[in-house]
Amino acid sequence: MQRPYQLTADDSTLVMRLNNVDRRLSPENSSSPLTGELAPLRPVKLESNDGTPSCTHWSGWIAKNLPVGGKYGNRQVDIIAHGAMQFLKATETKI
């Protein structure tokens, strides 16, 4: 964060490693109720709520949904999301 009291980082990436024992988050599981919901460019918001109004800690868009390797290990998935600055850097504009 570059400015004092800035609520979210400009140039940021969020990596969430989630438990996927029921395979609900697996991209190849077409019978999952979340099929199509974890697609790239879907908005993501990370919030907390401790009894007061919700506090948004991070917001961005999904970039990838990657199963963590290991046939007999813990079934987990990494959801990688990027903040707005990642997309703005890749965009060329002219005035």
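Quick note: the coordinates plus some simple rules give every number you see, no bench work behind them. Note that this is a predicted model, so its numbers are computed, not measured. With ideal geometry, Cβ positions are generated from the backbone for all residues, glycine too; neighbour counts draw on all protein chains shown.
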Requested in this report: Using the charge dipole of the chain (Lys, Arg: +1 at Cβ; Asp, Glu: -1 at Cβ; taken about the Cα centre), state which of G73, T35, M16 has its Cα farthest towards the positive end.
Outcome: G73
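Could you work out how much longer the chain between S54 and L18 gets when fully extended? Use 0.36 nm per residue separation minus the Cα distance between them, nm to one decimal.
Numbers: separation 36, 0.36 × 36 = 12.96 nm, distance 2.17 nm.
Net length gain for the segment: 10.8 nm.
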Query raised in the report: Along each of its three principal axes, how wide is the spread of alpha-carbon positions in the range 19-61, in whole angstrom units, largest first?
Result: 37, 23, 14
Report task. Just need the relative contact order of the chain here, percent rounded to a whole number, with Cα pairs under 8 Å and 6+ apart. Result -> 34
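Dividing the alpha-carbon radius of gyration of the chain by 2.2 N^0.38 Å (N being the number of residues), what value is obtained? Show your work: numbers first, answer last.
Values: Rg = 16.1 Å, N = 95, 2.2 N^0.38 = 12.4 Å.
For the chain, the normalised Cα radius of gyration comes out at 1.30.
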